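The values are calculated or read from the model by the stated rules, or taken from the named source; none is laboratory data. Source: prediction; values computed, not measured. Glycine also receives a Cβ, built like all others from the backbone with ideal geometry; neighbour counts cover every protein chain displayed. Surface areas here come from the heavy atoms of the whole protein model, side chains and all, with no ligands, DNA or RNA. Shrake-Rupley method; radii C 1.70, N 1.55, O 1.52, S 1.80 Å.
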Amino acid sequence: MDSVTLLWSLAVFLASVFGGMIIAVTLKPRYGRKTTALGWLGFALVGFLAAWLSYSINLYNDLVGILGLSALVCIASLVLYRENTSSNLFVGLMAALIANVVTFMFCGTTDTFLGSAFHLFTDTPYTVGNILLFIGIKLIVYAVFFSLYFILVRPHVQNMIIVLQGKMTTYLAAPAVSVVGFYMINLITNDTGIVPGSPYFFPLYGTVCVIFVLEYVQIFSAVFWSAAAMKNAAELNVASNIQHDMLPYIFPAFPERNEFDIYASMNSAKEVGGDFYDFFLVDEDHLALVIADVSGKGVPAALFMVIAKTLLKNQALTGASPKEVLESVNNQLCENNEADMFVTVWLGIYEISTGKITAANAGHEYPAIRRGKGKFELYKDRHGFVLAGMENSRYREYELQLNEGDILFVYTDGVTEATNENNILYGTDRMLNALEDSKEMVPETLLHSLKEDIDRFVGKAPQFDDITMLCLKCRKKGGIA
């Protein structure tokens with residue numbers, strides 16, 4: 001066996017070993033250590049034999065050196081590691097590209113530098129001594145670049161795989177095109193004489209390396225921005241679920257009570273919003289009704305909404321009147337309100353036995369009432385100042401009397417201020433007409449019919465504000481059914 005051919009095959013094949021090392025420290029093995037090691041040994045033997053045979057019959061060229069051994073490295077990554085196919089291929093192609101660039105740029109120039117600058121070669125470089133020198137230099141260069149990869153690049157690749165849950169198909173094109181492109185550049189430059197020693201060699205391949213680096217920087221940047229978006233979306237989804245779970249959403253809400261019927265809904269303009277509704281029994285004869293709208297949108301409004309809702313419910317459960325509840329909660333919300341947020345609130349306490357509602361309004365929309373078989377009309381109550389707007393604000397109470405069949409409807413400004421593509425507001429008149437046109441005067445049906453009418457009016461225009469509604473119908477007066 002020709003020792004020069006054997007050694008040169010080994011020297012060429014070391015690039016694939018370098019690529020394999022990159023894969024081994026990046027991906028999670030599918031099998032145990034011994035099995036994985038034996039697998040790599042098998043692929044190494046195949047690769048080495050391929051290189052040796054191609055040199056033995058004078059068939060070795062860049063097709064074998066770059067594409068052939070690159071393909072072998074990628075196949076090994078698919079077989080031996082348990083990430084999904086796209087992740088294994090991405091890392092395999094990237095490892096092959098790094099190995100070939102490092103080999104050609106930093107190892108392939110050995111004969112030029114050592115031969116001409118240091119006069120170490122007095123004859124052809126293809127001797128046993130010279131090839132052993134090549135192998136030694138390659139091992140040093142590979143060790144340096146492997147260390148750089150391990151410290152600087154590997155964590156980003158692993159994070160990228162985790163963030164994308166292994167779904168890296170989108171990012172496969174860049175390393176695949178790069179490997180093939182590098183192969184094509186080698187063929188063209190070899191044919192035109194741009195090889196180590198040519199004055200065009202370093203400018204050309206330096207530019208190629210810069211392009212590769214920028215390409216991967218863009219890949220990692222895109223992934224991390226995607227990761228941030230995915231993380232935010234996941235967190236907003238959790239926040240949205242938490243927010244909705246805080247509101248009463250099981251209907252019928254009080255199946256054991258036949259004196260009244262109640263229904264409510266909230267449609268957020270974003271994943272989380274500032275509107276909220278609430279209803280709960282203060283005692284067996286009093287039902288608290290709350291609808292509110294926090295200033296702003298998104299997460300800040302949602303956080304303020306949680307605080308306001310909790311304070312309102314806790315205070316109302318003490319048996320305080322609506323006026324007292326609003327005044328107490330207002331002062332609590334004014335404390336440390338550095339964000340200058342506020343909330344409009346309509347709060348009513350419904351006395352089930354008599355049908356009387358005692359209510360107070362902190363800057364909220366007018367409620368709408370339907371008496372018997374009459375029409376829905378706005379009840380223009382006197383507004384107090386918004387909660388958290390000014391400390392020690394005072395609020396006025398008023399009373400509404402509901403008789404059998406009467407309906408109370410309260411809502412946020414997302415209903416009346418819904419805007420269509422022509423920038424026209426939905427308005428209170430359309431709202432009252434839509435309530436009248438409902439097929440059944442049942443709270444749930446009323447709210448669904450109104451929302452459908454709003455959607456028809458708005459059309460394809462985006463929803464800018466939360467749409468929240470609450471409806472109460474007095475079915476009869478009296479005690480517990």
Inset, instruction - Using only the C-alpha atoms of region 277-325, find the volume of their convex hull and express it per residue in Å³. - result: 68 Å³
Legend entry - W346, W40, W225, reordered so the largest accessible area comes first (probe 1.4 Å): W225, W40, W346
Inset, instruction - Note down the magnitude of the dipole of region 332-408 about its Cα centre, charges +1 on Lys and Arg C-beta and -1 on Asp and Glu C-beta and zero elsewhere, to the nearest 20 debye. - result: 520 debye
Inset, instruction - With a 1.4 Å probe and every protein chain kept in, tell me what percent of the accessible surface of region 242-369 is carbon plus sulfur. - result: 53 percent
Inset, instruction - Give K323/K439; K297/K460; K309/K373 a once-over and call out the pairs whose C-alpha atoms are over 30 Å from each other. - result: K323/K439; K309/K373
Legend entry - Cut-off under 5 Å, modelled amide H: who pairs with H286 long-range: I352
Legend entry - Only Lys, Arg (+1) and Asp, Glu (-1) charged, at Cβ; the chain dipole about Cα centre in debye: 1460 debye
Inset, instruction - List, in order, the whole-Hz ³J(HN,Hα) value for each residue of region 279-291 obtained from phi through the Karplus relation with A = 6.51, B = -1.76, C = 1.60 and θ = phi - 60°; use x for Gly and Pro. - result: 8, 6, 7, 6, 8, 5, 10, 9, 10, 8, 10, 9, 9
Legend entry - Option label - volume of the Cα convex hull per residue in Å³ computed here, alternatives (i) 195; (ii) 208; (iii) 222: (iii)
Legend entry - Cut-off under 5 Å, modelled amide H: who pairs with N258 long-range: A481
Legend entry - Residues of the chain: accessible area per residue with a 1.4 Å probe, Å²: 49 Å²
Legend entry - Residue order for D275, D245 - accessible surface, 1.4 angstrom probe, largest first: D245, D275
